[in-house]
Amino acid sequence: MALRNLGRQRRRTGLALSAISFGIVALLLAGGFIEWIFWGMREGAIHTRLGHIQVVRPGYIERGGSDAFGYLLPEQATEFDMIKSVDHVQAVAPRLVFNGLISHNETTLSFIGEGVDPEHEKEISQHLFIRAGEDLSKQKPGGVILGTGLAASLGVQPGDSVILLATTVAGGINAVETRVAGVFYSSSKAFDDAALRVSIEDARQLLRVSGSHVWVVLLDDTSRTAGVLRELQAKFAEGVGAFEFVPWNDLADFYNKTVVLLSRQIDIVKLIIGLIIVLSISNVLIMSVLDRTAEIGTLMAVGIARRHILRLFLGEGCLLGIIGGIVGLVVGFLLSKLISAIGIPMPPPPGVDVGITGRIMVTLPMMAGAFVLAVGTTLIASLYPAWKASRLEIVDALRHSR
C-alpha cells in the first residue's frame, strides 16, 4: 500500500527521489575523491620512506635524535631473518640515519642522510623517483643520490664530486669524497630539499659504526599492518626491551592531521545532504497528509488503528529512502568509474614537475554509510508527518473533503 501511495503522486515522488539520489551521488563522488587523496598520501608515505612497520630499539623514536648511536640494531641478527619469514612480509631493509655537511666548490649545506641497502630498498622506496642519473646499485658501489632541492641548492648534477662530513661514533669528524650518482624526487618537498642517500656500507665507513638504526618492513597489503604488527609483537615477546615495532600511521603525522581535517569536511557534507533529504521528504509527506486527509479519516472510520496509519506513512518514507539510496548508489558508482577512467587532471605537488591524475575511490564501507544515511534521514523526516496523520480526528478528517 505504501508503494502504491507513492505512485499516486509521481511528480512529487520523483522530486523527492531526485533529491535523495543527488545527495547520495554527491556524497559518493566527494567522499571517493577524498578517499583517493588518503590512499595516495598513505601509499606515498609508506613507499617513499616509512614502510609499513619499522623495527627499532625501544626509545629510539623519542630520544634517538639526541643519542642516535645509542640505539643501533645489530648488523647481523637472526631476528632480521625471522621477521622476513613472517607471512605477508614482502621485504625488510636496514637503514642507518645520520646528518652532516655536504660541500661542492664554495657551497656547504647541512643534510639529512640515510644509509640504505640498494637492493632491498628498491622494493620499499617505490615512490622515490630518479629524475636524473641513476639509483644506487651494488653493481656500481659508491656514489650518492640527492633530493632535487638539495641538488639545486648545491648546483650539482650527476657525475659531479661532493664531500660529505659527519660526526663519527667516537665524536670525531670524518669526511669522504664521492660522486653524485643521481637526483631523486618524492612526494615530500621538505624531504627532497634536505635529504641524500648512500649505500649503508659507505654510511658505516663514514660514521665508523656497524649495524643500523631501523629495519623497515614492507608488507604485501597495507590493510594487513595491524595483524602483522600483533604477530611480530607476540613473536618477540620473550625479548622484551630488545625491539620495538612501530606502525607507519604512528610516524605519519602530516597524514594523520590531513585525515582529521578532510574527514571533518566530509562530515559537514553529510550533514548538509541529510538536511536536504529531511526537508524534501518532510515536504513530500506533509503535502501527502494534506491531500489525503479525507482518505485517512475514512480509513480510521472503518476501523484502521492509528498505529497502522503511523506505520503506513513511515513505510512510505522508508521506501523513498531505500529507492533513492539504491538509485544514488548505482549512479554514483557508475559515475565514479567513468570519471576515474577519464581521470581528473591535477597540478603537480610542490617541488615536482609531473602532474597527477586524480581518481574516485568508492569503497563498500562508503557505499554502506551513504545508504544508511539515505534511509535513516528519510525515516527521521517521516516521523512528524506520520505522527500528524495518525493524530487526525476522524470527524474533522471526513469533513475536510467537503
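Things worth noting here:
- Every condition in (1) within 26 Å of residue 46 (Cα to Cα); (2) open to solvent by 30 Å² or more (accessible area, probe 1.4 Å); (3) in a strand (DSSP E or B) holds for residue 187 except the one numbered (3).
- Number of the condition not met by residue 303 [criteria: (1) at pLDDT below 80; (2) surrounded by 15 or more Cβ atoms within 10 Å (Cβ to Cβ)]: (2)
- Verdict on residue 127 being closer than 18 Å to residue 216 by Cβ and out of contact with any strand residue (DSSP E or B) (no Cβ under 9 Å at 6 or more places or on another chain): yes
- Residue among 360, 322 that alone is of a type in the set (A, V, I, L, M), closer than 30 Å to residue 192 by Cα and either modelled with pLDDT of 80 or more or surrounded by fewer than 18 Cβ atoms within 10 Å (Cβ to Cβ) (or both): 360
- Applying a threshold of 6 Å to beta carbon distances and a minimum spacing of six or more residues, or different chains, the list of pairs starting in the range 381-394 at a residue that is closer than 16 Å to residue 282 by Cβ and ending at one that is at pLDDT 70 or above and β-branched (Val, Ile, Thr) reads 381/278; 381/281; 385/286; 389/309; 390/309.
- Annotation: of all residues in the range 199-243 being among the acidic types (Asp, Glu) and more than 30 Å from residue 138 (Cα to Cα), the one that is nearest to the chain's Cα centre (by Cα) is 231.
- Look at the range 8-23: where a residue is among the basic types (Lys, Arg) and a partner is in a helix (DSSP H, G or I), sitting 6+ places away or on another chain with Cβ atoms under 8 Å, you get 12/284; 12/287; 12/288.
- Condition met for residue 109 (assigned to a strand (DSSP E or B) and touching a residue at least 24 places away in the same chain (Cβ under 8 Å)): yes
- On inspection, residue 45 fails the criterion of being more than 30 Å from residue 113 (Cα to Cα) and of a type in the set (Gly, Ala, Ser).
- Test: residue in the range 340-347 that is under 30 Å from residue 187 (Cβ atoms), among the hydroxyl-bearing types (Ser, Thr, Tyr), modelled with pLDDT of 80 or more and in a helix (DSSP H, G or I): yes
- The residues on offer are 178, 225, and the sole one that is open to solvent by less than 70 Å² (accessible area, probe 1.4 Å), of a type in the set (S, T, N, Q) and not in a strand (DSSP E or B) is 225.
- Residues in the range 154-171 that are of a type in the set (Gly, Ala, Ser) and either surrounded by 18 or more Cβ atoms within 10 Å (Cβ to Cβ) or touching a Leu at 6+ places or on another chain (Cβ under 8 Å) (or both): 166 alone.
- Residue count for the range 371-391, restricted to those that are among the aliphatic types (A, V, I, L, M) and open to solvent by 40 Å² or more (accessible area, probe 1.4 Å): 4
The values are calculated or read from the model by the stated rules, or taken from the named source; none is laboratory data. Because the structure is predicted, anything quoted here is derived from the model rather than measured. All Cβ positions, even for glycine, are placed from backbone atoms using ideal geometry, and neighbour counts span all protein chains on display. The area values use the complete protein model at the heavy-atom level, side chains included, leaving out ligands, DNA and RNA. Shrake-Rupley method; radii C 1.70, N 1.55, O 1.52, S 1.80 Å.
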